[in-house]
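Data first, discussion second: the structure below is written as structure tokens.
The values are calculated or read from the model by the stated rules, or taken from the named source; none is laboratory data. Since the structure is predicted, the reported quantities are computational estimates derived from the model, not experimental observations. Glycine also receives a Cβ, built like all others from the backbone with ideal geometry; neighbour counts cover every protein chain displayed. Accessible surface areas use protein heavy atoms only, side chains included; no ligands, DNA or RNA. Shrake-Rupley method; radii C 1.70, N 1.55, O 1.52, S 1.80 Å.
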Amino acid sequence: MTTITPPGATLPGVTHHLADVNGTQLHYVSAGTTGSPVLLVHGWPETWWAFRKLIPLLAETHRVFAPDLRGFGDSSNADTEYGEAVTAEDLHHLVQHIGTGPVHLLCQDISGGAAFRFAALHPEDVTSFTGVETTLAGFGLEALADVNNFGSWHVGFLGAPGIPGMLLQGHEREFLADWALPLMHGTAGSITESDIDEFVRTYARPNGWRGTEGLYQELFADKGATRALAQSHPIAVPVLTVDGANHPFTENTFRQVIAGEITPVHLDGVGHSVAQEAPEALAATIMDFTRHTDNK
């Protein structure tokens with residue numbers, strides 16, 4: 001692992017790394033020295049910093065890794081391929097690069113599709129799968145774009161090729177701080193001004209919206225591919241679903257794409273951004289689940 005000076009915000013006990021994998025360069029952080037490895041995959045509007053409260057809790061009993069996905073945070077956002085397929089392969093190559101063996105995989109929000117593809121196509125890399133407030137194309141994601149039935153305009157907007165990068169340049173703080181982050185958070189005080197500064201710092205980079213565009217475009221380009229993959233390669237490892245405000249959205253999705261057991265959890269009174277709003281409850285849920293899985 002190549003250890004680097006933190007390019008932005010950091011935490012005590014966390015080290016920062018760069019990995020050249022799958023034709024891109026990924027920034028990731030690590031913490032913890034013992035226990036089975038956990039890989040935390042952020043959603044939107046997030047970077048690894050979305051796990052700032054969760055990482056120290058999990059690191060007490062696990063080795064924890066949290067990347068910035070391709071096109072996000074301090075990972076490369078060069079002129080290359082983006083989307084679920086290449087992101088899934090990035091995760092596969094990152095796990096190989098880290099070299100700890102199979103990981104307990106956690107994904108949230110829009111990263112669900114890439115993480116599902118990774119787990120389905122590379123089961124040797126995954127010990128367990130946790131989905132937090134997430135769904136998949138073909139299994140409910142489309143509803144989020146249906147503005148006539150309580151969906152949101154931003155789903156289509158963020159999936160329009162090149163449009164977010166063109167229209168949001170210079171307006172990152174307004175968009176994130178005044179609209180997106182308040183929409184996602186249901187717990188007062190769970191995100192601070194310094195947290196917003198860190199998210200804005202990375203989204204304001206040149207080409208800072210490429211990762212977002214790539215993942216959201218998948219909704220409009222999937223054409224049944226995720227459903228076909230779920231039929232041919234259902235998730236075989238134990239699955240934990242964690243729902244907050246959108247209960248039972250995640251549970252309903254992943255019951256349809258697994259071949260093994262599922263453990264559904266609903267954290268009542270929590271909004272969409274579970275890791276930032278209820279880190280203690282989420283950490284306890286994850287550790288109970290991973291302990292059970294590791295002891296099998």
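Could you tell me which of the residues G165, G208 is in contact (Cβ under 8 Å) with a residue 60 or more places away in the chain and closer than 21 Å to D68 by Cβ?
Only one candidate qualifies: G208.
What's the total number of residues in region 251-274 that are open to solvent by less than 30 Å² (accessible area, probe 1.4 Å) and out of contact with any Asp or Glu (no Cβ under 9 Å at 6 or more places or on another chain)?
3
With region 1-40 as the region, which strands (runs of 3 or more DSSP E) entirely inside it contain at least 1 residues that are in contact with a Pro (Cβ under 6 Å, 6 or more places away or on another chain) and surrounded by 16 or more Cβ atoms within 10 Å (Cβ to Cβ)?
Those strands (runs of 3 or more DSSP E) span 15-21, 24-31.
Kindly establish whether T134 is part of a loop (DSSP other than H, G, I, E, B), under 10 Å from the mean Cα position of the chain (by Cα) and within 28 Å of K296 (Cα to Cα).
Yes, satisfied.
Considering only region 15-40, how many residues are under 21 Å from Q108 (Cα atoms) and hydrophobic (A, V, I, L, M, F, W, C)?
Going through region 15-40 one residue at a time, the tally reaches 6.
How many residues, within region 41-72, are more than 20 Å from T127 (Cβ to Cβ) and not in a loop (DSSP other than H, G, I, E, B)?
Result for region 41-72: 4.
The rows are residues; the columns are (1) over 23 Å from T10 (Cα atoms); (2) open to solvent by less than 70 Å² (accessible area, probe 1.4 Å); (3) modelled with pLDDT of 95 or more.
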position	(1), (2), (3)
A188	no, no, no
E198	no, yes, yes
E213	yes, yes, yes
L219	yes, yes, no
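Working only within region 108-136, note down all residues that are of a type in the set (G, A, S) and closer than 17 Å to L69 by Cβ.
S111, G112, G113, A114, A115, A119, G131
Which pairs have Cβ atoms under 7 Å, sit 6 or more apart or on different chains, and link a residue in region 218-237 that is of a type in the set (G, A, S) to one that is in a helix (DSSP H, G or I) and open to solvent by 30 Å² or more (accessible area, probe 1.4 Å)?
Correct list of pairs: A236/P123.
Given the criteria of a type in the set (D, E), over 25 Å from G156 (Cα atoms) and assigned to a loop (DSSP other than H, G, I, E, B), does E81 qualify?
no
Got at least one residue in region 67-84 being modelled with pLDDT under 95, open to solvent by 20 Å² or more (accessible area, probe 1.4 Å) and among the hydrophobic types (A, V, I, L, M, F, W, C)?
no
May I ask you to list the residues in region 75-97 that are in contact with a Pro (Cβ under 7 Å, 6 or more places away or on another chain) and of a type in the set (V, I, T)?
none
Any chance you could count how many residues in region 235-250 are within 27 Å of N295 (Cβ to Cβ), buried (at least 16 other Cβ atoms within 10 Å of the Cβ) and not β-branched (V, I, T)?
Final tally of qualifying residues: 3.
Test R173 against the criterion of being open to solvent by less than 50 Å² (accessible area, probe 1.4 Å), among the basic types (K, R) and either free of Cβ contacts under 8 Å to residues at least 40 places away in the same chain or in a helix (DSSP H, G or I) (or both), and give yes or no.
Against the criterion (open to solvent by less than 50 Å² (accessible area, probe 1.4 Å), among the basic types (K, R) and either free of Cβ contacts under 8 Å to residues at least 40 places away in the same chain or in a helix (DSSP H, G or I) (or both)), R173 does not qualify.
Assuming V147 fulfils every condition listed in (1) surrounded by 13 or more Cβ atoms within 10 Å (Cβ to Cβ); (2) at pLDDT below 95; (3) farther than 19 Å from G271 by Cβ apart from one, which condition is it?
All conditions are met except number (1).
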